1. If residue 126 satisfies every condition in (1) touching a residue at least 24 places away in the same chain (Cβ under 8 Å); (2) in contact with a helix residue (DSSP H, G or I) (Cβ under 6 Å, 6 or more places away or on another chain); (3) surrounded by 12 or more Cβ atoms within 10 Å (Cβ to Cβ); (4) not in a helix (DSSP H, G or I) but one, which is the exception?
2. When the stretch 54-69 is examined, which residues are found to be more than 15 Å from residue 85 (Cβ to Cβ) and touching a residue at least 24 places away in the same chain (Cβ under 8 Å)?
3. When residues of the stretch 149-171 are filtered for being over 21 Å from residue 29 (Cα atoms) and surrounded by fewer than 20 Cβ atoms within 10 Å (Cβ to Cβ), how many remain?
4. Just to be sure before I move on: is residue 119 within 23 Å of residue 31 (Cα to Cα), at pLDDT 85 or above and either over 18 Å from the mean Cα position of the chain (by Cα) or outside the structural domain of residue 42 (by TED's automatic domain parsing) (or both) in the structure I sent?
5. Grab the helices (runs of 4 or more DSSP H) fully contained in the stretch 1-92, keeping just those with 3 or more residues being within 16 Å of residue 114 (Cβ to Cβ).
């Protein structure tokens, strides 16, 4: 009789090492995305320094907390600036300083942001289909946002990272 059962797919294993390898290869943990960081920072008033952001994060955001602690020690004007600093940290490249969060480009003002979409799906249970996404966001989304959601591929979305990726594809 199997001692270890995968909570995700139900596969059973007699050895813990086989179960752990299955979890790492079949169900790898999603890396934290910029959208996840923006969602964790939802409701936080800016400007904030790195240490103020760390203090403002809740205990259940451990991965985001660890990332924010690694960001440059500076004052951040908004969640987009934090996400940009995260991108620089992740890629080890400096991003040009004329990014939309600093220049307020017209396209950036019109296009829905990952943070906005993260707020639309606050509290949703993953995995979710396109129809479940639309139904969840319907009462808070604009007509333009609903139209974008209708352009999403018809498959299961397992995290905000999947939604952010799809948003980039259709936008």
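1. Looking at each condition in turn, residue 126 falls short on (2).
2. Selection gives 63 alone.
3. The number of residues fulfilling the criteria is 9.
4. Values: within 23 Å of residue 31 (Cα to Cα): yes; at pLDDT 85 or above: no; either over 18 Å from the mean Cα position of the chain (by Cα) or outside the structural domain of residue 42 (by TED's automatic domain parsing) (or both): yes.
Against the criterion (within 23 Å of residue 31 (Cα to Cα), at pLDDT 85 or above and either over 18 Å from the mean Cα position of the chain (by Cα) or outside the structural domain of residue 42 (by TED's automatic domain parsing) (or both)), residue 119 does not qualify.
5. Fully inside the stretch 1-92 and qualifying: 34-40, 79-91.
The values are calculated or read from the model by the stated rules, or taken from the named source; none is laboratory data. Predicted, not measured: the structure shown is a model, and the values here were computed from it. So basically every Cβ, Gly included, is an ideal-geometry build from the backbone, and we count neighbours across all protein chains shown.
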